[in-house]
Amino acid sequence: MKGQRFVREVPRLGQNLLRLSLGVTVIFFILLMRLWYLQIIKAEDYQNLSENNRLRLVPVAAPRGTFRDRNGKLLIWNQPSFSVVLFKQDVKDKDQLLGQLISYLNLDRDELYERWDKSRGRARYYPITIASGITQDQLEYLEENLLALPGVDLQIKPVREYADSGMAVHLVGYIGEISEQDLAKPEFGRYNSGDYIGKSGLERVWERELHGKDGGRQIEVDARGRVLRTVAESTPANGNSLLLTIDSVLQERAEKALGAKAGAAVALDVRSGEVLVFASSPKFDPQLFAGRIPKKVWDGYLEDERRPLTDKVLTGQYPPGSTFKIITALAGLEEGLIDEHTTVSCNGSYTLGNRTFHCWQKHGHGQVNLKLALKQSCDVYFYHLADRLGIDRIAAYARKYGLGVPTGIGLEHEKPGLIPSTAWKEKKYRQKWVRGETIPVGIGQGYVLTTPLQLASMTAAVANGGTIYRPFVVKKVVDQEGKVLQEFKPEVLGNAGVSRRSLELVKSALQAVVNEPGGTGATARLAEVKVGGKTGTSQVVKLRTGKGNPYRFRDHALFVAFAPVENPEIAVAVVVEHGEHGGSAAAPVAGAILRAYFEGKGVIKKPVTRQERYSSGRAGAGDEPEQGSATGD
């Protein structure tokens, strides 16, 4: 019996052992898989987590390169600013922490959570910048409460400081925090969230040179985030700096003369193409763009009909008005249609077919030759001449002087302007050019558009005898020790090919515009220096009702000038939007720039200020400071 029972139990025992073996095998396999998962799949994650229990990477931003004017005056430099950053791996309760920061730092909730989410996929354990340029009160609060804010840290980043309330701000541009779109671009591969980059102007065009190379510190911290020691450190390399062609004295004078008016002023060295003045008005505050711009301020910029965010020097396209008569006159002289003795009778209008074109002088100018026509800005004289020339010959001479194409100054978004022709209209509208359309073109109206920079370049070429220079604004790129890395020289684009005789006749007439009785540009006159110039007024709308016109319907005021007439050095172009009259609104701005230029050269004596008179002991009780010329600025 016992033997039989033993025989029956042997298979059952084998089955139990088999089940036990299978169970042990499954458990061992699960443990093995878990071990493989932890050791192989998650090894890097846990290693990084382990390291970050004691090590942190703290980036150190490189100071951006500075900007100086042609004489070495500092225009833009750096100041330290505090930013708030988060180390995500140290944050245990995201919602609680972000709620605290939103409440105290007055941050936008959606923007903050978006920053958190978008940090995924970045360099592992790199800090997220959540606020820049915090106030002193916010800094003190965070420093006192850092231990209660796990994962929060403070970093110092250099931000821009500007001379004279952002001088030439449309030229130099501004910096701001790098966007998600820029981070995705290959050229920004070494940048991280929270970094500052150039957003416009020279700051953006020269970003690679200005940015420098960021450094960093690897520090050891305890479990509460307190720094124990620095493990490794790399020093940031400063960005390179730019020496500009701008003269800050002239720039300041131009911006002051423009004041709150909308418009632009440009001055060029006629012998090289160096830009001495680059003023677009009104200005904006570039420091606001380093952080979040208050909605009220941003809306104010957008709603301002003077368009303070627009660079009017490069992107403002205006009918040049009577300043274009310079081109029409040169074309007529070169084509043999007129000479200095050719006269036209102006009775106040010119009729072609069933259309009548009026002169600005309602009762006419009488019998006028070229000099009088330019001096008094007689429209009828140039209506006659434009009709005889035809649109294509006018267009050819305009293009010889660089109108209708970008100057190639090397800045973004430069507009080309527009010089119409028969081919242009056929291509644009699939229509033939009509003879009557040529008449307004002769006085810079109709389809013609130019930028202030183009007008300055044109005037410089007239002044220097026909040489077209490419305007440029950067003289040198230097490193932090002052070593010159790049230096830029004048670049000749071509020559207008206009005879010296024609140029001298026109320049003589332009001198009369400013210096002779009856000239329309008398407000730019300088007693010590002969100035040549041309006023212009361009219509914004065809129908005008007089002085009661709304601002946006008023004519633009223009003036171009060069000096000295006998040996030109500087050319100026000014546009005052809706200024109505070039002689009263634009010419004084040009006069202020020219006066500052020749004061700097010692040709014109600077007015003595009240402070200078008293400090020298020359002023007595009741004395007033010495005044400048009555015809100056």
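The values are calculated or read from the model by the stated rules, or taken from the named source; none is laboratory data. The structure presented is a predicted model; accordingly, all values stated were derived computationally and were not measured. All Cβ positions, glycine included, derive from the backbone under ideal geometry; neighbour counts span all protein chains shown.
All but one of (1) touching a His at 6+ places or on another chain (Cβ under 9 Å); (2) over 25 Å from residue 247 (Cα atoms) hold for residue 497, so report the exception by its number.
(1)
Note down all Cβ pairs under 7 Å where the first residue falls in the stretch 66-81 and is farther than 12 Å from residue 241 by Cβ, the second is assigned to a strand (DSSP E or B) and basic (Lys, Arg), and they're at least six residues apart or on different chains.
Within 7 Å, the pairs are 70/475; 81/157.
Give me the strands (runs of 3 or more DSSP E) completely within the stretch 324-378, filtered to those with at least 2 residues that are under 43 Å from the mean Cα position of the chain (by Cα) and over 22 Å from residue 392 (Cβ atoms), ordered by residue number.
Where strands (runs of 3 or more DSSP E) fall fully within the stretch 324-378 and carry at least 2 residues being under 43 Å from the mean Cα position of the chain (by Cα) and over 22 Å from residue 392 (Cβ atoms), they are 355-358.
Scanning the stretch 231-250 for residues that are touching a Lys or Arg at 6+ places or on another chain (Cβ under 7 Å) and of a type in the set (A, V, I, L, M, F, W, C), which turns out farthest from residue 487 (Cα to Cα)?
237
State the number of residues belonging to the stretch 551-575 that are over 24 Å from residue 246 (Cα atoms) and part of a strand (DSSP E or B).
Of the residues in that region, 2 qualify.
Is it the case that some residue within the stretch 264-283 is modelled with pLDDT of 95 or more and assigned to a helix (DSSP H, G or I)?
Scanning the stretch 264-283, I find no residue that is modelled with pLDDT of 95 or more and assigned to a helix (DSSP H, G or I), so the answer is no.
Considering only residues of the stretch 405-414 that are of a type outside the set (A, V, I, L, M, F, W, C) and more than 14 Å from residue 458 (Cβ to Cβ), which is surrounded by the most Cβ atoms within 10 Å (Cβ to Cβ)?
414
Would you pick out the residues in the stretch 380-393 that are part of a helix (DSSP H, G or I) and over 36 Å from the mean Cα position of the chain (by Cα)?
380, 381, 382, 383, 384, 385, 386, 387, 388, 389
Using the structure shown, decide if residue 557 is within 18 Å of residue 462 (Cβ to Cβ) and in contact with a Ser or Thr (Cβ under 8 Å, 6 or more places away or on another chain).
Against the criterion (within 18 Å of residue 462 (Cβ to Cβ) and in contact with a Ser or Thr (Cβ under 8 Å, 6 or more places away or on another chain)), residue 557 does not qualify.
Quick one: what pairs do we get from the stretch 303-318, first residue assigned by TED's automatic domain parsing to the domain that holds residue 536 and closer than 9 Å to residue 170 by Cβ, second modelled with pLDDT under 95 and among the polar types (S, T, N, Q), C-beta under 7 Å, 6+ apart or different chains?
none
Could you list, in sequence order, the residues of the stretch 459-492 that are under 24 Å from the mean Cα position of the chain (by Cα), surrounded by 15 or more Cβ atoms within 10 Å (Cβ to Cβ) and in a strand (DSSP E or B)?
468, 469, 472, 474, 475, 476, 477, 478
Scan 392, 379 and give me the residue that is within 23 Å of residue 581 (Cα to Cα) and either in contact with a helix residue (DSSP H, G or I) (Cβ under 8 Å, 6 or more places away or on another chain) or of a type in the set (A, V, I, L, M) (or both).
379
Which residues, counting only those in the stretch 196-219, are buried (at least 20 other Cβ atoms within 10 Å of the Cβ) and more than 29 Å from residue 472 (Cα to Cα)?
Hits for the stretch 196-219: nothing passes.
More than 22 Å from residue 465 (Cβ to Cβ) and outside any helix (DSSP H, G or I), is that true of residue 579?
yes
Taking the stated definitions as given, is residue 396 within 23 Å of residue 533 (Cα to Cα) and assigned by TED's automatic domain parsing to the domain that holds residue 557?
yes
Can you pull out every residue in the stretch 434-489 that is farther than 26 Å from residue 422 by Cα and among the charged types (D, E, K, R)?
Matches in the stretch 434-489: 470, 475, 476, 479, 481, 483, 487, 489.
Is it the case that residue 324 is more than 30 Å from residue 111 (Cα to Cα) and either outside the structural domain of residue 200 (by TED's automatic domain parsing) or modelled with pLDDT of 90 or more (or both)?
Yes.
Search the stretch 415-458 for residues being small (Gly, Ala, Ser) and part of a loop (DSSP other than H, G, I, E, B), and hand back the single one that is surrounded by the fewest Cβ atoms within 10 Å (Cβ to Cβ).
Ranking the candidates gives 446 first.
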